[in-house]
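Please treat every number below as a calculation from the coordinates, not as lab data. Here the structure is a predicted model, which means the values were calculated and not measured. With ideal geometry, Cβ positions are generated from the backbone for all residues, glycine too; neighbour counts draw on all protein chains shown.
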Amino acid sequence: MPATLIALPTSLARFRRGLIRLLLALVPMLTVAPQRGGAADPLAYTVTIAPTGEAEMDTALGDAATLVALRESAPVGAFALLSRARGDAGRLATVLHSFGYYQGRVAITIAGRPLDDPGLADALEAMPDKAEVPVAVAITPGKLFHLRRIALTGDVPPGMRGSLGLAEGAPARAADVLAARDRLLAALRADSYALATADPPQATLDEATGSLDVVFPVQAGPRVDLGDISISGLQRLNESYVRRRLPLQPGERYDPARIEAARQELADTPALAAVRIDTAGSLDAQGRLPVRVDVTERKLRAVNLSAAWSTDQGGRLSASWTHRNLFGNAEQLTLSAETTGLGGTATRQPGYNLGALLTIPDWQRRDQSLTFRMLGVNEYLQAYDRTAAIGGVAVQRKLSRELTASLGVTGELARIKQEGLTNDYKLLELPAGLTWDSTRNPFDPTGGVKASVALTPIASFGPTGTTAFVIAQASASTYIDFGSKGRTVLALRALVGGMEGASVEDVPPDQRFYAGGGGTVRGYRFQSVGPKFPSGRPTGGTSIDTGTIELRQRFGESWGAVAFVDAGQVGTTGVPFSGNIAVGAGVGARYYTSIGPIRLDVAVPVVRGPKTDTLQVYIGIGQAF
């Protein structure tokens with residue numbers, strides 16, 4: 001048999017989408033087709049598609065069959081059923097071809113009679129009311145064709161043949177051939193051939209040998225550099241700031257991966273809601289490719305409200321106001337107020353936090369920010385009462401997408417009452433730290449790692465004189481996604497910390513380590529894990545270590561459940577892994593919303609003491625960690 005030139009569908013997905021559009025246009029005509037008396041109108045029918053033994057192809061055949069897709073949503077009469085079946089015969093044959101079965105055959109029978117039976121229409125008209133007509137689809141795939149010759153023609157740079165990812169002798173699947181064209185174009189553009197084109201592949205079918213020859217016509221064009229970069233969409237943000245933030249320069253080689261990375265990086269700017277980067281369809285007079293950056297600014301101001309509740313810390317009500325572009329260079333000012341200790345067992349009366357945070361991005365250099373912070377605190381805890389004013393300045397430098405370094409200076413004036421004694425403290429802190437975060441989603445991480453290390457030298461000017469000590473702390477959490485879709489996740493976290501240079505008595509109470517509560521060991525009252533005064537109130541310690549294992553399972557679209565075990569201990573030696581260990585266990589429920597999961601956890605202490613609570617309940621937004 002002579003070779004035949006065939007046209008492969010531009011893509012199987014595009015073929016299906018076009019098919020659905022055509023069907024939707026035809027449904028009104030099919031449903032009002034003229035009927036002759038006798039048959040039920042519409043005509044009920046069942047459909048059976050014989051399996052081919054190839055699961056993926058069987059799925060594609062079922063998706064393409066309008067006899068199946070429209071059986072309930074668009075009932076038809078006898079003549080329209082015949083028309084629908086005849087259309088499916090061609091559509092199913094196209095599916096066979098797309099899988100490499102170019103000699104495949106489709107046979108459809110209705111009530112046991114083939115579609116070309118001249119008496120079939122009359123037989124269907126004569127069907128009694130409420131009868132279900134059986135429709136059977138028989139598939140004969142035939143010979144599986146294989147690729148024989150694969151070639152590139154036209155203006156093709158050397159070494160591009162391998163980017164196709166096709167092997168001679170492989171099954172001649174249309175989807176694979178079309179994907180090869182996409183890979184070829186991607187490879188050309190990654191090699192700076194920005195204007196490269198590849199026409200639909202030319203396929204020649206040899207039915208006698210069961211083979212397919214494929215030729216890819218290509219025009220690579222020249223390798224190009226980036227031309228002028230224009231920016232549009234700005235309203236209040238300074239263009240000079242956007243250009244500093246954009247890691248692209250005229251004259252550099254065209255690289256689509258670098259352009260996409262630049263778009264993502266610019267989109268991380270809090271003042272921007274969306275960023276789009278497009279290249280021109282032709283070169284400029286210098287033979288370079290112009291670039292257009294189109295941005296959409298976020299609303300200038302935002303108000304956030306949040307609430308949380310737990311049996312130990314009680315209720316928390318928070319509000320914040322944010323200005324996202326204070327002086328035109330994406331400076332962000334946030335003012336916040338929070339009421340704390342509303343009815344908790346670890347608090348004695350309500351308190352408050354008042355804060356102001358000013359962030360200046362790209363200070364002195366790109367990816368370096370300067371942050372000013374002021375905080376007023378008034379809290380009444382079982383461990384101590386504190387009224388404090390805290391102020392600080394810090395520099396953060398982004399070393400990579402995941403890694404950030406920080407260095408700062410913080411001052412604190414505090415009046416703290418513990419065990420009936422009230423003391424005034426003046427603190428000078430020099431915090432330094434490194435943070436790694438590859439999780440991407442702060443409210444519901446399903447993969448990656450969050451880790452931080454911090455070293456903070458502190459000078460304390462208190463009632464016993466001047467005390468100098470150093471706090472070292474490290475924490476990490478990781479998330480293992482068993483199904484790669486975030487539905488079954490094992491979450492792990494750990495914290496270790498220690499102090500050097502001072503005993504517990506010399507360290508201000510608010511600088512000591514405490515454990516217990518939603519952030520460390522659930523099931524135990526906030527700050528209750530560790531050494532205690534004779535009164536039973538927490539003393540605090542100079543060392544800490546905690547760990548958590550939590551299994552998160554999502555059900556359906558909106559619901560989930562968790563089971564967890566927490567453990568930890570606080571000691572007075574300055575070295576972690578000392579002190580009496582506390583273990584808590586519990587379960588929780590999650591309701592997933594657009595802003596994050598709403599969390600409800602119930603935990604009980606496994607290792608009980610004389611004053612240990614029966615259970616603790618925690619409610620908030622976002623996962624526990």
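Basic side chains Lys and Arg get +1 at the Cβ, acidic Asp and Glu get -1 at the Cβ, and with that the dipole of the chain about its Cα centre reaches some 800 debye.
At an R0 of 51 angstrom, the distance between the Cβ atoms of Leu455 and Gln219 translates into a FRET efficiency of 0.30.
For a straight C-alpha distance cut-off of 28 angstrom, the lysines reachable from Lys426 (same-chain residues fewer than eight places away being disregarded) are Lys417, Lys532.
By the helix-only formula, in which each DSSP H run with n ≥ 4 contributes -39500 (n - 2.57) and the sum is divided by residues, the chain has a 222 nm mean residue ellipticity of -5000 deg cm²/dmol.
Taking the range 328-384, which trypsin sites (Lys or Arg not before Pro) meet the DSSP loop condition and have no more than 16 other C-beta atoms within 10 Å? List each step's numbers first, then the result.
Values: sites: Arg348, Arg365, Arg366, Arg373; in loops: Arg365, Arg366.
Loop-located and lightly packed - Arg365, Arg366.
Given 0.36 nm per residue, what is the gain on full extension from Leu399 to Asp506 after removing their alpha carbon distance, in nm?
Working: separation 107, 0.36 × 107 = 38.52 nm, distance 3.67 nm.
Contour length minus the Cα-Cα distance gives 34.9 nm.
Distance from the C-alpha centroid of the range 209-257 to that of the range 572-625: 50 Å, rounded to the whole angstrom.
Please give me the summed charge of the neighbours of Gly609: other residues whose Cβ is under 13 Å from its Cβ, Lys and Arg +1, Asp and Glu -1. All intermediate terms of the calculation are to be shown ahead of the outcome.
Working: positive: Arg525, Lys532, Arg608, Lys611; negative: Asp613.
Within the 13 Å Cβ shell, the charges total +3.
Label reach from Leu357 (point 7 Å along Cα→C-beta): in the range 371-408, amide nitrogens under 17 Å belong to 371-377, 390-398, 404-408. For Leu272, the residues whose amide H sits under 5 Å from its own are Arg298, ignoring neighbours fewer than 5 places away on the same chain, with H placed 1.01 Å from N. Ordering Thr404, Thr153 by the number of other Cβ atoms within 10 Å of each residue's own Cβ, fewest first, gives Thr153, Thr404. Quick one, which of (i) 30.9; (ii) 28.8; (iii) 26.0 is the actual Kirkwood radius over Cα pairs in Å calculated for this model? The value computed from this structure is option (i). Applying 0.36 nm per residue to the separation of Ile595 and Val575 and subtracting their alpha-carbon distance, the gain on full extension is 3.3 nm. Label sites at Leu421 and Ala121, each approximated as a point 7 angstrom past Cα along Cα to Cβ, lie 10.4 nm apart.
Across all directions, the average flat footprint of the convex hull enclosing the Cα atoms of the range 248-342 is 9.1 nm². Computed from Cα positions, the angle between helix 55-64 and the longest principal axis of the chain comes to roughly 70 degrees. When only alpha carbons are used to place a centre, the range 458-528 and the range 385-445 end up 12 Å from one another.
For the chain, the relative contact order comes to 7 percent (Cα pairs under 8 Å, sequence separation of at least 6). Of the trypsin sites (Lys or Arg not before Pro) found in the range 414-477, those that fall in a DSSP loop while having at most 15 other beta-carbon atoms within 10 Å are Arg440. With neighbours defined as other Cβ atoms within 10 Å of a residue's Cβ, the residues Leu358, Leu495 order from fewest to most as Leu358, Leu495. Once the C-beta distance of Arg537 and Gln349 is scaled by a Förster radius of 25 Å, the resulting FRET efficiency is 0.95 to the nearest 0.05.
Electrostatic tally near Met57: other residues with Cβ closer than 13 Å to its Cβ, Lys and Arg +1, Asp and Glu -1, net -3.
With a 10 Å Cβ neighbour count serving as the proxy for reagent exposure, in which order, fewest first, do Asp601, Asp284, Asp506 appear? It would help to have the intermediate numbers written out before the result.
Working: Asp601 23, Asp284 12, Asp506 16.
With the sparsest Cβ surroundings first, the list reads Asp284, Asp506, Asp601.
Label separation (Lys299 vs Glu132): 5.4 nm, computed from points 7 Å beyond Cα along the C-beta direction. For Ile621, the residues whose amide H sits under 5 Å from its own are Arg599, ignoring neighbours fewer than 5 places away on the same chain, with H placed 1.01 Å from N. Distant-in-sequence amide contacts of Arg148, defined by a placed amide H-H separation under 5 Å and a gap of 5 or more residues or a different chain, comprise Gly169, Leu212, Asp213, Val214. Taking Cα atoms, how many degrees apart are the long axis of helix 174-190 and the longest axis of the chain, rounded to 10 and kept between 0 and 90? Result, in degrees: 50.
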